[in-house]
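Trainee: What follows is a single structure, and I will ask about it in a moment.
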Amino acid sequence: MQSIKGQLTVRGILIGSAGCVVITAASAYTALKMGALPWPIVFAAIVSLFFLKALGRGKASLNEANVTHTVMSAGAMVAGGLAFTIPGIWMLGHADDVGVFEMLFVALSGVVLGLVCTAVLRRHFIEDAGLEYPIGEAAAQTLVAGNAGGKTGWKLFGSMGLAGLYTALRDGAGAIPAMLFGNAGIPGVAFGIYNSPMLLAVGFLVGTGAVAVWFAGALLANFGIVVGGSSAGLWDVASGQGIVSSLGMGVMMGAGVGVICKIVAAKAWQRAKDVRGAVAFGPGAANDGSASDDDAFPMGPGKTASDATRRARRLRAGGIAFAVAAVALALCFGLRLGPVPAVIVVLLAWVATAMSAQSVGQTGIDPMEIFGLIVLLAVAAVADVPQVQLFFVAGVVAVACGLAGDVMNDLHAGHVLGTSPRAQWIGQAIGGVLGALVAVAVMAVLVSAYGPQAFGPQAQFVSAQASVVATMVSGIPSVPAFALGLAAGLALCLAGFPAMMLGLGVYLPFYMSFTAFLGAMAKVAYDAVCRRRRAGLGPEERAAKEKAQAESGLVVSSGLLGGESIVGVLVALAAVATGLGA
């Protein structure tokens, strides 16, 4: 078992908690004010390493810094899950039906579900599937470069500085437009190039094949269904957009179900192999000594490794069952959902968090409010639930998915650096609970100060995502398209096709998919230039040059991604400091 000693420390918890309060407050304000939420992970990694080195006289363990930044960043996505859903209640005129108590129940229920689900899903996505997790990779590279310095440090922090300056000019000074070629005038299509170093870097890091599927989904949805269908007279533009949103949600939901099916099947197959091994070779033969950090427990006198593993699994299963039952009871009685909707939310939360983990792992994007909306629609389809409670459903799932995205990014960084997953999970639990308290307090203060009328597309706090949820509460725009997407997503996922990427392309605005695609094309061009430069070298020199070039591309793109995320957080901090009362 990896020891958490020296990784989860008192000073790390204190530094992480202080940063968590600031970042969570800034994230809540940013999500409500700007309708966007940059990942704070790279920013938190740099701040954590700086303060640990300051307190340690220039010395700090990378693993301690990784756990510290895990605590620090956790609350941001909890704030996002609340801000992207709950304000819809105020927009529909039900402000009196939600208060601090209900928001806290939503936030804490989502935190518990997110932590439990990612504890179970970690090994599949981080170790077995080996997804890219570009944000987590950027955090790991930032910590390594910050600790080592040298040319790698110059490359990382140089590109980070350029991206940060660009973002400051765009978001802070308004000197650079956020969108290029956004006035193409294509009916129903949000055409353009998003002026974002971060999204270009995501396309570069994720890889050409996955982004090609993502972009194919965008082309199919926008130019095939919306433009093509409306031009052919099959439907009008608004109906086409409804079909696209329903189809995209269905594909992502089906892909999420497929991921869960694969995980269950893999675990069942492994257990069957273990049983066959034990029968063939005797007790203890099934144990190969490969128990993970999650499975390992100290063994007492007379205990075998197999005994310890089985005991660990029983304890973990019991803890998971207890946590899930507690959330179900909280939803049933605390939020007045009723037993059937509460069970549906708890069950579908596993699917939603798996979807979130895969989406973040492949694209760096976590559309948490979409996942919350999918579960909301599922609950509304089978139970007569009041509108306010439907928003609670979306909030719980969005918080769980937001925290899951953050957890899996951090766990990927930990996997790269060799950090104990147990230490990181405890750090996430601390940051998640603290973040829930801070996010609820910020939202309560804002609605008390400005009133519920200050939230909406034309109001002071645009709350764009919550507005979408409010619009969709009335039901799925196209049930046949949703059902078709559900079946297609499940079938494609089981067949090994990246269905989640296809669904994201269908659902997300075209400009986001197009920008990520340009980032992937930059990777193609970079690889071609690098191959040409290696052409005249010998085998050993070529291999060394190829490795160095690959590392340079990874470091520079990570810096571009990190620079925008850091300045995004700083802009949010400035907004918190100067925006109240403006």
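Trainee: For the range 210-220, indicate whether the set of residues that are touching a residue at least 40 places away in the same chain (Cβ under 8 Å), closer than 27 Å to PRO40 by Cα and open to solvent by 60 Å² or more (accessible area, probe 1.4 Å) is non-empty.
Mentor: Within the range 210-220, not a single residue is touching a residue at least 40 places away in the same chain (Cβ under 8 Å), closer than 27 Å to PRO40 by Cα and open to solvent by 60 Å² or more (accessible area, probe 1.4 Å).
Trainee: On to the next question. Just one of VAL416, VAL440 is buried (at least 24 other Cβ atoms within 10 Å of the Cβ), of a type in the set (Val, Ile, Thr) and part of a helix (DSSP H, G or I); which is it?
Mentor: Numbers: VAL416 fails: buried (at least 24 other Cβ atoms within 10 Å of the Cβ).
Going through VAL416, VAL440 in turn, just one is buried (at least 24 other Cβ atoms within 10 Å of the Cβ), of a type in the set (Val, Ile, Thr) and part of a helix (DSSP H, G or I): VAL440.
Trainee: Test ALA190 against the criterion of being in a loop (DSSP other than H, G, I, E, B), open to solvent by 30 Å² or more (accessible area, probe 1.4 Å) and touching a residue at least 40 places away in the same chain (Cβ under 8 Å), and give yes or no.
Mentor: Details: in a loop (DSSP other than H, G, I, E, B): yes; open to solvent by 30 Å² or more (accessible area, probe 1.4 Å): yes; touching a residue at least 40 places away in the same chain (Cβ under 8 Å): yes.
So ALA190 fits the description; yes.
Trainee: Do we find a residue being more than 21 Å from the chain's Cα centre (by Cα), crowded, with 20+ Cβ neighbours inside 10 Å and farther than 28 Å from GLY130 by Cα anywhere in the range 232-240? Walk me through it before giving the result.
Mentor: Let us first name the residues in the range 232-240 that are more than 21 Å from the chain's Cα centre (by Cα), namely 232-240.
Next, from what is left, pick out any that are crowded, with 20+ Cβ neighbours inside 10 Å: 240.
Remaining after also requiring farther than 28 Å from GLY130 by Cα: 240.
Scanning the range 232-240 turns up at least one residue that is more than 21 Å from the chain's Cα centre (by Cα), crowded, with 20+ Cβ neighbours inside 10 Å and farther than 28 Å from GLY130 by Cα.
Trainee: Can I ask one more? Can you give me the number of residues within the range 442-472 that are closer than 21 Å to VAL21 by Cα and without any contact (Cβ under 8 Å) to a residue 24 or more places away in the chain?
Mentor: Summing the residues that are closer than 21 Å to VAL21 by Cα and without any contact (Cβ under 8 Å) to a residue 24 or more places away in the chain in the range 442-472 gives 2.
Trainee: Quick test of your reading of the structure: ALA173 fulfils all but one of (1) under 28 Å from LYS33 (Cβ atoms); (2) more than 23 Å from the chain's Cα centre (by Cα); (3) surrounded by 14 or more Cβ atoms within 10 Å (Cβ to Cβ); (4) among the hydrophobic types (A, V, I, L, M, F, W, C). Name the failing condition by number.
Mentor: (3)
Trainee: Every residue in the range 122-137 that is open to solvent by less than 30 Å² (accessible area, probe 1.4 Å) and at pLDDT below 85, please.
Mentor: LEU131
Trainee: If you check LEU37 against the conditions, is it within 30 Å of SER196 (Cα to Cα), open to solvent by 30 Å² or more (accessible area, probe 1.4 Å) and assigned to a loop (DSSP other than H, G, I, E, B)?
Mentor: Details: within 30 Å of SER196 (Cα to Cα): yes; open to solvent by 30 Å² or more (accessible area, probe 1.4 Å): yes; assigned to a loop (DSSP other than H, G, I, E, B): yes.
The answer is yes for LEU37.
Trainee: Among (1) β-branched (Val, Ile, Thr); (2) modelled with pLDDT of 80 or more; (3) more than 30 Å from GLN241 (Cα to Cα), which single condition is VAL189 missing?
Mentor: (3)
Conditions tested, residue by residue: (1) closer than 23 Å to GLU132 by Cα; (2) among the aromatic types (Phe, Trp, Tyr); (3) surrounded by fewer than 21 Cβ atoms within 10 Å (Cβ to Cβ); (4) free of Cβ contacts under 8 Å to residues at least 40 places away in the same chain.
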{"position": "VAL343", "(1), (2), (3), (4)": "no, no, yes, yes"}
{"position": "LEU347", "(1), (2), (3), (4)": "no, no, yes, yes"}
{"position": "SER356", "(1), (2), (3), (4)": "yes, no, no, no"}
{"position": "GLY361", "(1), (2), (3), (4)": "yes, no, no, no"}
{"position": "ASP366", "(1), (2), (3), (4)": "yes, no, no, no"}
{"position": "ILE374", "(1), (2), (3), (4)": "no, no, no, no"}
{"position": "VAL382", "(1), (2), (3), (4)": "no, no, yes, no"}
{"position": "VAL385", "(1), (2), (3), (4)": "no, no, yes, no"}
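Trainee: Okay, next question. Would you check if there is a residue in the range 502-519 being open to solvent by 10 Å² or more (accessible area, probe 1.4 Å), among the hydrophobic types (A, V, I, L, M, F, W, C) and not in a helix (DSSP H, G or I)?
Mentor: First, the residues of the range 502-519 that are open to solvent by 10 Å² or more (accessible area, probe 1.4 Å): 502, 507-509, 511-512, 514, 517-518.
Of the ones still in play, those that are also among the hydrophobic types (A, V, I, L, M, F, W, C) are 502, 508, 512, 514, 517-518.
Among the residues that remain, those that are also not in a helix (DSSP H, G or I) are: 508.
Yes, there is a match, as at least one residue in the range 502-519 is open to solvent by 10 Å² or more (accessible area, probe 1.4 Å), among the hydrophobic types (A, V, I, L, M, F, W, C) and not in a helix (DSSP H, G or I).
Trainee: Might you check whether a residue that is in a helix (DSSP H, G or I), of a type in the set (A, V, I, L, M) and without any contact (Cβ under 8 Å) to a residue 12 or more places away in the chain occurs anywhere in the range 139-150? First the steps, then the outcome.
Mentor: Residues of the range 139-150 that are in a helix (DSSP H, G or I), as a first pass: 139-148, 150.
Still in the list and also of a type in the set (A, V, I, L, M): 139-140, 143-145, 148.
Applying the additional criterion that residues be without any contact (Cβ under 8 Å) to a residue 12 or more places away in the chain yields 148.
Yes, the range 139-150 contains at least one residue that is in a helix (DSSP H, G or I), of a type in the set (A, V, I, L, M) and without any contact (Cβ under 8 Å) to a residue 12 or more places away in the chain.
Trainee: Here is a further query. Taking the options PHE101, PHE84, name whichever one is under 25 Å from ALA330 (Cα atoms), modelled with pLDDT of 85 or more and open to solvent by 40 Å² or more (accessible area, probe 1.4 Å). Step through it out loud before you land on a result.
Mentor: On the way: PHE84 fails: open to solvent by 40 Å² or more (accessible area, probe 1.4 Å).
None of the other options fit; the residue is PHE101.
Trainee: Filter the range 115-131 down to the residues that are in contact with a His (Cβ under 9 Å, 6 or more places away or on another chain) and either over 26 Å from MET501 (Cβ atoms) or outside any helix (DSSP H, G or I) (or both) and list them by number.
Mentor: The answer is LEU131, and nothing else.
Trainee: Restricting the range 193-209 to residues that are open to solvent by less than 50 Å² (accessible area, probe 1.4 Å) and touching a strand residue (DSSP E or B) at 6+ places or on another chain (Cβ under 8 Å), which is farthest from PRO38 (Cα to Cα)?
Mentor: Residue satisfying both the conditions and the ranking: ILE193.
Trainee: Would you check which residues across the range 448-464 are open to solvent by 30 Å² or more (accessible area, probe 1.4 Å), of a type outside the set (Phe, Trp, Tyr) and in a helix (DSSP H, G or I) and list them?
Mentor: Passing the criteria: SER448, ALA449, PRO452, GLN453, ALA464.
Trainee: Here's another thing I want to ask about it. Among the listed residues ASN222, ASN183, which satisfies the condition of being under 27 Å from TRP39 (Cβ atoms) and not small (Gly, Ala, Ser)? If you could, list the steps in order and put the result at the bottom.
Mentor: Details: ASN183 fails: under 27 Å from TRP39 (Cβ atoms).
Within the list ASN222, ASN183, the selection yields ASN222.
Trainee: When the residues of the range 490-516 are narrowed to those that are under 20 Å from the mean Cα position of the chain (by Cα) and over 15 Å from ALA221 (Cα atoms), which ends up modelled with the highest pLDDT?
Mentor: THR515
Trainee: Starting from the range 113-126, keep only residues that are among the β-branched types (Val, Ile, Thr), then list their pairs with residues that are open to solvent by 10 Å² or more (accessible area, probe 1.4 Å) whose Cβ atoms are within a distance under 6 Å, requiring at least 6 positions of separation or different chains.
Mentor: VAL116/ILE320; VAL116/ALA323; ILE126/LEU411; ILE126/HIS412; ILE126/HIS415
Trainee: Among the residues of the range 158-187 satisfying the criterion of being part of a loop (DSSP other than H, G, I, E, B) and of a type in the set (A, V, I, L, M, F, W, C), which is farthest from ALA516 (Cα to Cα)? Lay out the reasoning, then the answer.
Mentor: Taking the range 158-187 and keeping what is part of a loop (DSSP other than H, G, I, E, B), we get 173-178, 181-187.
The next check asks that each one be of a type in the set (A, V, I, L, M, F, W, C); those that pass are 173, 175-176, 178, 181, 184, 186.
Details: ALA173: 25, ALA175: 23, ILE176: 19, ALA178: 15, PHE181: 15, ALA184: 19, ILE186: 20 Å.
The extreme case among them is ALA173.
Trainee: Checking ASN66 against (1) over 19 Å from PRO134 (Cα atoms); (2) open to solvent by less than 10 Å² (accessible area, probe 1.4 Å): exactly one of these is not met. Which one?
Mentor: Single failed check for ASN66: (1).
Trainee: Given the criteria free of Cβ contacts under 8 Å to residues at least 40 places away in the same chain, open to solvent by less than 60 Å² (accessible area, probe 1.4 Å) and in a helix (DSSP H, G or I), does ALA522 qualify? Spell out how you get there, then give the answer.
Mentor: Numbers: free of Cβ contacts under 8 Å to residues at least 40 places away in the same chain: no; open to solvent by less than 60 Å² (accessible area, probe 1.4 Å): yes; in a helix (DSSP H, G or I): yes.
So ALA522 fails the test.
Trainee: Right, next: Considering the range 473-489 alone, what residues qualify as being under 24 Å from the mean Cα position of the chain (by Cα), open to solvent by less than 30 Å² (accessible area, probe 1.4 Å) and farther than 27 Å from LEU199 by Cα?
Mentor: VAL473
Trainee: Any idea which of (1) in contact (Cβ under 8 Å) with a residue 24 or more places away in the chain; (2) within 17 Å of VAL556 (Cβ to Cβ); (3) open to solvent by 10 Å² or more (accessible area, probe 1.4 Å) is the one ALA163 doesn't satisfy?
Mentor: The single condition ALA163 does not satisfy is (3).
Trainee: Out of VAL47, VAL112, VAL106, I need the residue that is in contact with a Phe, Trp or Tyr (Cβ under 7 Å, 6 or more places away or on another chain), β-branched (Val, Ile, Thr) and part of a helix (DSSP H, G or I). Which one?
Mentor: Details: VAL47 fails: in contact with a Phe, Trp or Tyr (Cβ under 7 Å, 6 or more places away or on another chain); VAL112 fails: in contact with a Phe, Trp or Tyr (Cβ under 7 Å, 6 or more places away or on another chain).
Testing whether each residue is in contact with a Phe, Trp or Tyr (Cβ under 7 Å, 6 or more places away or on another chain), β-branched (Val, Ile, Thr) and part of a helix (DSSP H, G or I) leaves just VAL106.
The values are calculated or read from the model by the stated rules, or taken from the named source; none is laboratory data. As the structure is a prediction and not an experimental result, all values here were calculated from the model. All Cβ positions, even for glycine, are placed from backbone atoms using ideal geometry, and neighbour counts span all protein chains on display. Side chains included, ligands, DNA and RNA excluded: accessible areas come from the protein's heavy atoms. Shrake-Rupley method; radii C 1.70, N 1.55, O 1.52, S 1.80 Å.
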